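**Student:** Input: one structure, supplied below.
The values are calculated or read from the model by the stated rules, or taken from the named source; none is laboratory data. Model, not experiment: these values are computed from the prediction. Note that each Cβ is placed from the backbone with ideal geometry, even for glycine, and that neighbours are counted across all protein chains shown.
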Number of protein chains: 4
Amino acid sequence: MLSRVGVTGVKKPVVVTRGGRSTTLFCTLDVFVDLPSTQKGSHLSRNLEAINEAVSMSMTEPISGIEIVAANICRALREKHEYSTFAEVHLIADYFLERPGPSGKRNLEAFKIMADAISRNDDGLKKMIGVEVVGMTACPCAMETVREQYCNNVTMEGDLPVISHNQRNVATLMVEVPEDCDVEANDLIDVVEQSFSSATYEVLKRSDEAKVVLQAHQRPKFVEDVVRTMLSFLLERYPHLPDGVQVTVRSESEESIHKHNAFAERVATLGDLRNSR
Amino acid sequence: MLSRVGVTGVKKPVVVTRGGRSTTLFCTLDVFVDLPSTQKGSHLSRNLEAINEAVSMSMTEPISGIEIVAANICRALREKHEYSTFAEVHLIADYFLERPGPSGKRNLEAFKIMADAISRNDDGLKKMIGVEVVGMTACPCAMETVREQYCNNVTMEGDLPVISHNQRNVATLMVEVPEDCDVEANDLIDVVEQSFSSATYEVLKRSDEAKVVLQAHQRPKFVEDVVRTMLSFLLERYPHLPDGVQVTVRSESEESIHKHNAFAERVATLGDLRNSR
Amino acid sequence: MLSRVGVTGVKKPVVVTRGGRSTTLFCTLDVFVDLPSTQKGSHLSRNLEAINEAVSMSMTEPISGIEIVAANICRALREKHEYSTFAEVHLIADYFLERPGPSGKRNLEAFKIMADAISRNDDGLKKMIGVEVVGMTACPCAMETVREQYCNNVTMEGDLPVISHNQRNVATLMVEVPEDCDVEANDLIDVVEQSFSSATYEVLKRSDEAKVVLQAHQRPKFVEDVVRTMLSFLLERYPHLPDGVQVTVRSESEESIHKHNAFAERVATLGDLRNSR
Amino acid sequence: MLSRVGVTGVKKPVVVTRGGRSTTLFCTLDVFVDLPSTQKGSHLSRNLEAINEAVSMSMTEPISGIEIVAANICRALREKHEYSTFAEVHLIADYFLERPGPSGKRNLEAFKIMADAISRNDDGLKKMIGVEVVGMTACPCAMETVREQYCNNVTMEGDLPVISHNQRNVATLMVEVPEDCDVEANDLIDVVEQSFSSATYEVLKRSDEAKVVLQAHQRPKFVEDVVRTMLSFLLERYPHLPDGVQVTVRSESEESIHKHNAFAERVATLGDLRNSR
């Protein structure tokens, strides 16, 4: 048998309706089922039919999240490939959200929104929702070394933090959404964005720029810290999600002092996280 | 604790000496260790030191394969991050090999060569070698339908196969290399290249082109077939590799009749493969 | 002075209203102005303000094409950077359009839509609209050689074309839109899609697949032919566009028999094209 | 006629011998010729033959720079496509060079090396060599605003610069190489690397990191400044290159406070540059 057979890079607009507001998301999808050794080939056109049915349904019957679209496709895959014991769906889309800038002025910022769904045997269906957010990190280690080497440990004027290197950081957070539970992508964006040294912004006037720089240096963070902070905020935000819920969290810093990136990841259940606090 | 902390996108030339011939490979590396909750941060510069030591060693003491370089880096990561219980190395590089064309004339063809190494607790170290090869697939299903619909099932002139859609296919094969065993990247390239409907070539004169087209249509293959054929050739090629050896095989067709790709994958042990023949 | 100073990779949703129907496009923008040597730096935040003003305008006052959005941003750039003698805007977005499949059933297909605007001194403003379409080409040369070498030049059963290699082809068409003229992206998609050996489709049932394969082999085309056909259809479609209108046309075939691509391009005015017929 | 017909994405190892030392570069090539309207198609396999001949020549007869390889391919293209009035070659490769770190310890750093060659009618052949270097910029504007807003203009302890945002910057420099002149890629890397706020390094121990951070903040630079500095160092380095020599210089900052990049470019002749000093 083959582990996964399917199609990748399918592009499809999906309508999600949340709080009375409909948004069109331009999704890129990868979908797979397994294939028993008794079958010569998988019927690949059925994958597209499964996608199209789930997407059409989202037009007539409002769907509140892309993880539900992913789950519906996953169910349709299992039905259409009647021999399958497994189905998997990955979905990613550009996503825009209005956010207040440092001076309070609201502006659209760009994110990515993601969903996964996996169905295995008769174990039911697991669905996940996630976001990718671009933020900023300032390095605590370089800051400390600069202070030691060049400041004689004397504090700065007005407690201004000392210089460090800072850079663009791309962080992702994926959370399992159990049946009858609700996890909102916009909340996940909040969780991730607050975990950086600073959020990033499309438009910054001069004084805003100084505020962002100051905040980033007042909250210096390693990639490891970004991961830990996301997990900590996530636990606070979702106290009622059960212990079995799976979480994957990543932070990648495009280091300004290096040509390579720094990376940290944690894969865990909420139970693991609660026990290790 | 964090699952993986490290650096990604490190570029480094590595010298591999095989059969008395030294080749320089320009590698891109991702390396990670885990991080216990008692540690605030991972010392990221140690990752670069681990890479550099293993690479320097390859200059002075000839190394016969990049999976050994990956393993050496993996070992150095565990030593340098003394708190770690896990280390992981991924390595990929452009690779060139002289291959005979359809008319026998030899020419350099471009491939990718890959290696992974994983060390977990005291379980010893697992290393894998792999290749990525670009080939061609012709679709058996469309060929059959064309024959049914347009040929009245009458055979063609000189048994020439009927038309079908064909396209570029990217296939990868990763194989675990147990201690005291040897798996040669060049052999893996053979295995993969023979599993397509046809290999692809840099230079083809007119009559060569016709030969390639003919061969591809005489061996029409789904992505599923490419995966199965690679596994079958692999078993033949390595009868002495133990049953526990892990294999990951993928084939992705950049479908000429669609805007999306077709994909098949099998993850298995050689034991699984041998039992399912 | 500097030739171009600006921002790249800005993401922004833009609303276009055409034929009474509003569509949201998720655009990626690059914008630039020149910088005289008397200025130390360009005010980069003004670029974002220029983009935001033009985009906000598109919400309140319906805009009929993204080339008009590009032109409005270009004008705003010149105003906000009062020292500039030049401004340039590039914009690209995913785009979906309902198309009939081979059996007439309509389905959404994915494309890319693009716009450029350039303003130089007092020469007024030049704007272009374009599309990127994924299609299929079958090689006429391999087909002919196969016929010569393997068919003894005997015709096939029912005039069925002989085998050839075929592959995915990515073609782009950009056309200048003069003041008071109208060029519709949907028409450009028609022009490009009809210039391939065959269009490509998201969903194809078995008999549809055979139709696509047959059509592709009945219209074998080199990359050069795709470019020439696009230009020819474009001239037919827009007889009234003036001779000065600039056109850029490209076709790139992801060759199934090679690891590299084949490429053809023509940059010309409609006048050039009309004179060379 | 068609402006450009050819092949893209050809991979090929090329040997360059300089100062008695041979280096293998793994190049990716795009090559084109024009096609008169009297020709139905360009013979694409001739492009590969042109590449292979020039590359083979580099094995037997040492070649001192990749711009010469590009020029040789360009000449071969014109000869093999006897109808052509134009030929163009682009070549890019990973490149490694030993560089001293902040504490003097030498280490291999990764760069890209590029070459172009263009032949038009009987105008002879123009060849260019270039490099892509990853460095670091610290923003002078944010630094000044922070000082104004948070420091009451009081100087810092030990004249330590105040905080700013800094980030990865990718800069490219391409220079025409006239007949009988020599431009060394390694020198161009020097020119670019010294034009950033700071170079970037693969391995940095703690005290090195502090030195890099300090230097970057002592030399804050806009993308515009990086471009101007590169041009200025280039003029100093090559006083004897003629005025007609063409130069293209770019700097792109992956802004840490934004999700988009900042970009600056100058396209000029050395004469333009000398006159505008």
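**Student:** Just the residues that are out of contact with any strand residue (DSSP E or B) (no Cβ under 7 Å at 6 or more places or on another chain) and either of a type in the set (A, V, I, L, M, F, W, C) or in contact (Cβ under 8 Å) with a residue 60 or more places away in the chain (or both), please, taken from segment A:170-181.
**Tutor:** The answer is A:Pro178, A:Cys181.
**Student:** Continuing with this model, one more query. Name the single residue that is surrounded by the most Cβ atoms within 10 Å (Cβ to Cβ) among those in segment A:88-104 being of a type in the set (D, E, K, R) and touching a residue at least 60 places away in the same chain (Cβ under 8 Å). Explain how you work it out, then say what you get.
**Tutor:** Let us first name the residues in segment A:88-104 that are of a type in the set (D, E, K, R), namely A:88, A:94, A:98-99.
Those still in the list that are touching a residue at least 60 places away in the same chain (Cβ under 8 Å) too: A:88, A:94, A:99.
Numbers: A:Glu88: 22, A:Asp94: 20, A:Arg99: 17.
Looking at residues that are of a type in the set (D, E, K, R) and touching a residue at least 60 places away in the same chain (Cβ under 8 Å), I get A:Glu88.
**Student:** Would you confirm whether any residue within segment C:162-171 is within 14 Å of chain A (Cβ to nearest Cβ), in contact with an Asp or Glu (Cβ under 9 Å, 6 or more places away or on another chain) and not β-branched (Val, Ile, Thr)? It would help to see each step written out before you state the result.
**Tutor:** First, pick out the residues of segment C:162-171 that are within 14 Å of chain A (Cβ to nearest Cβ): C:168, C:170.
Of the ones still in play, those that are also in contact with an Asp or Glu (Cβ under 9 Å, 6 or more places away or on another chain) are C:168, C:170.
Next, only the ones that are not β-branched (Val, Ile, Thr) stay: C:168.
Within segment C:162-171, one or more residues are within 14 Å of chain A (Cβ to nearest Cβ), in contact with an Asp or Glu (Cβ under 9 Å, 6 or more places away or on another chain) and not β-branched (Val, Ile, Thr).
**Student:** Of the residues D:Val267, D:Val223, D:Val213, D:Val247, which is among the β-branched types (Val, Ile, Thr) and more than 9 Å from every other protein chain (Cβ to nearest Cβ)?
**Tutor:** On the way: D:Val267 fails: more than 9 Å from every other protein chain (Cβ to nearest Cβ); D:Val223 fails: more than 9 Å from every other protein chain (Cβ to nearest Cβ); D:Val213 fails: more than 9 Å from every other protein chain (Cβ to nearest Cβ).
On inspection, the qualifying residue turns out to be D:Val247.
**Student:** So A:Asp180 ticks every box in (1) closer than 30 Å to D:Arg206 by Cα; (2) modelled with pLDDT under 95 but one. Which box is left unticked?
**Tutor:** Of everything listed in (1) closer than 30 Å to D:Arg206 by Cα; (2) modelled with pLDDT under 95, A:Asp180 misses just condition (1).
**Student:** Can you tell me which of (1) within 10 Å of another protein chain (Cβ to nearest Cβ); (2) more than 16 Å from the chain's Cα centre (by Cα); (3) not acidic (Asp, Glu) is the one A:Phe111 doesn't meet?
**Tutor:** All conditions pass for A:Phe111, except number (2).
**Student:** Please determine, by comparing only the residues of segment A:130-151 that are touching a Leu at 6+ places or on another chain (Cβ under 7 Å) and more than 7 Å from every other protein chain (Cβ to nearest Cβ), which one is surrounded by the fewest Cβ atoms within 10 Å (Cβ to Cβ). Give the derivation first.
**Tutor:** Narrowing segment A:130-151 to residues touching a Leu at 6+ places or on another chain (Cβ under 7 Å): A:130-131, A:146, A:150-151.
From the residues that got through so far, the ones that are more than 7 Å from every other protein chain (Cβ to nearest Cβ) too are A:130-131.
Working: A:Gly130: 26, A:Val131: 24.
The selected residue is A:Val131.
**Student:** With (1) modelled with pLDDT of 95 or more; (2) more than 19 Å from the chain's Cα centre (by Cα); (3) in a loop (DSSP other than H, G, I, E, B) as the list, and B:Asn153 as the residue in question, which single condition is left unmet?
**Tutor:** (1)
**Student:** Please go through segment D:238-277 and pick out each residue that is within 27 Å of A:Cys139 (Cβ to Cβ) and either of a type in the set (A, V, I, L, M) or not assigned by TED's automatic domain parsing to the domain that holds D:Pro178 (or both).
**Tutor:** Listed by number, the residues that qualify are D:Ile257, D:Ala262, D:Ala264.
**Student:** It is to be established whether one or more residues within segment C:197-205 are part of a helix (DSSP H, G or I), outside the structural domain of C:Lys112 (by TED's automatic domain parsing) and among the acidic types (Asp, Glu). Before you say what the answer is, go through the steps one by one.
**Tutor:** Looking only at segment C:197-205, we keep the residues that are part of a helix (DSSP H, G or I), and these are none.
Checked against the condition, which is being part of a helix (DSSP H, G or I), outside the structural domain of C:Lys112 (by TED's automatic domain parsing) and among the acidic types (Asp, Glu), segment C:197-205 yields no hits at all.
**Student:** Does C:Ser251 qualify as being in a loop (DSSP other than H, G, I, E, B), among the polar types (S, T, N, Q) and either modelled with pLDDT of 95 or more or crowded, with 21+ Cβ neighbours inside 10 Å (or both)? So that I can check it myself, show each step before the final result.
**Tutor:** Values: in a loop (DSSP other than H, G, I, E, B): no; among the polar types (S, T, N, Q): yes; either modelled with pLDDT of 95 or more or crowded, with 21+ Cβ neighbours inside 10 Å (or both): yes.
No: the conditions fail for C:Ser251.
Residues are listed down the side, and each one gets a yes or a no for (1) part of a strand (DSSP E or B); (2) aromatic (Phe, Trp, Tyr); (3) more than 11 Å from every other protein chain (Cβ to nearest Cβ):
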residue: A:Arg4; (1), (2), (3): yes, no, no
residue: A:Val7; (1), (2), (3): yes, no, no
residue: A:Thr17; (1), (2), (3): yes, no, yes
residue: A:Cys27; (1), (2), (3): yes, no, no
residue: A:Asp34; (1), (2), (3): yes, no, no
residue: A:Asn47; (1), (2), (3): no, no, no
residue: A:Ala50; (1), (2), (3): no, no, no
residue: A:Ala54; (1), (2), (3): no, no, yes
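**Student:** Given the residues D:Ser256, D:Ser207, D:Ser197, D:Ser232, which is the only one that is surrounded by fewer than 21 Cβ atoms within 10 Å (Cβ to Cβ) and within 12 Å of chain A (Cβ to nearest Cβ)?
**Tutor:** Values: D:Ser256 fails: surrounded by fewer than 21 Cβ atoms within 10 Å (Cβ to Cβ); D:Ser197 fails: surrounded by fewer than 21 Cβ atoms within 10 Å (Cβ to Cβ); D:Ser232 fails: within 12 Å of chain A (Cβ to nearest Cβ).
The unique qualifying residue is D:Ser207.
**Student:** Still on this structure, please answer the following. State all residues of segment D:74-109 that are of a type in the set (Gly, Ala, Ser) and assigned to a strand (DSSP E or B); if no residue qualifies, say none. Let's see the steps before the verdict.
**Tutor:** Taking segment D:74-109 and keeping what is of a type in the set (Gly, Ala, Ser), we get D:76, D:84, D:87, D:93, D:101, D:103-104.
Once the filter is applied, which keeps residues that are of a type in the set (Gly, Ala, Ser) and assigned to a strand (DSSP E or B), segment D:74-109 yields D:Ala87, D:Ala93.
**Student:** Please state which one of A:His258, A:His217 is in contact (Cβ under 8 Å) with a residue 24 or more places away in the chain and under 30 Å from D:Asn107 (Cβ atoms). Before you say what the answer is, go through the steps one by one.
**Tutor:** Numbers: A:His258 fails: in contact (Cβ under 8 Å) with a residue 24 or more places away in the chain.
The unique qualifying residue is A:His217.
**Student:** Right, something else. Assigned to a loop (DSSP other than H, G, I, E, B), in contact with a Cys (Cβ under 8 Å, 6 or more places away or on another chain), of a type in the set (S, T, N, Q) and in the same structural domain as C:Leu273 (by TED's automatic domain parsing): does that describe C:Ser164?
**Tutor:** Working: assigned to a loop (DSSP other than H, G, I, E, B): yes; in contact with a Cys (Cβ under 8 Å, 6 or more places away or on another chain): yes; of a type in the set (S, T, N, Q): yes; in the same structural domain as C:Leu273 (by TED's automatic domain parsing): yes.
Taking the combined requirement at face value, the residue satisfies it.
**Student:** Please verify whether segment C:169-179 includes one or more residues that are outside the structural domain of C:Ala216 (by TED's automatic domain parsing), charged (D, E, K, R) and assigned to a loop (DSSP other than H, G, I, E, B).
**Tutor:** Narrowing segment C:169-179 to residues outside the structural domain of C:Ala216 (by TED's automatic domain parsing): none.
There is no residue in segment C:169-179 that is outside the structural domain of C:Ala216 (by TED's automatic domain parsing), charged (D, E, K, R) and assigned to a loop (DSSP other than H, G, I, E, B).
**Student:** Further, regarding this structure: Determine, yes or no, whether B:Leu44 is farther than 16 Å from B:Lys80 by Cβ, over 26 Å from the mean Cα position of the chain (by Cα), at pLDDT 90 or above and not assigned by TED's automatic domain parsing to the domain that holds B:Cys181. Walk me through how you get there before you give the answer.
**Tutor:** Details: farther than 16 Å from B:Lys80 by Cβ: no; over 26 Å from the mean Cα position of the chain (by Cα): yes; at pLDDT 90 or above: yes; not assigned by TED's automatic domain parsing to the domain that holds B:Cys181: yes.
No: the conditions fail for B:Leu44.
**Student:** Can you name the residue in segment C:59-73 that is in contact (Cβ under 8 Å) with a residue 12 or more places away in the chain and either part of a loop (DSSP other than H, G, I, E, B) or surrounded by fewer than 24 Cβ atoms within 10 Å (Cβ to Cβ) (or both) and is also nearest to the chain's Cα centre (by Cα) among such residues?
**Tutor:** So the first thing to find is which residues in segment C:59-73 are in contact (Cβ under 8 Å) with a residue 12 or more places away in the chain, and the list is C:59, C:62-73.
Now restrict to residues that are either part of a loop (DSSP other than H, G, I, E, B) or surrounded by fewer than 24 Cβ atoms within 10 Å (Cβ to Cβ) (or both): C:59, C:62-65, C:68, C:72.
Numbers: C:Met59: 25, C:Pro62: 23, C:Ile63: 20, C:Ser64: 17, C:Gly65: 14, C:Ile68: 16, C:Asn72: 20 Å.
Going through the qualifying residues, I end up with C:Gly65.
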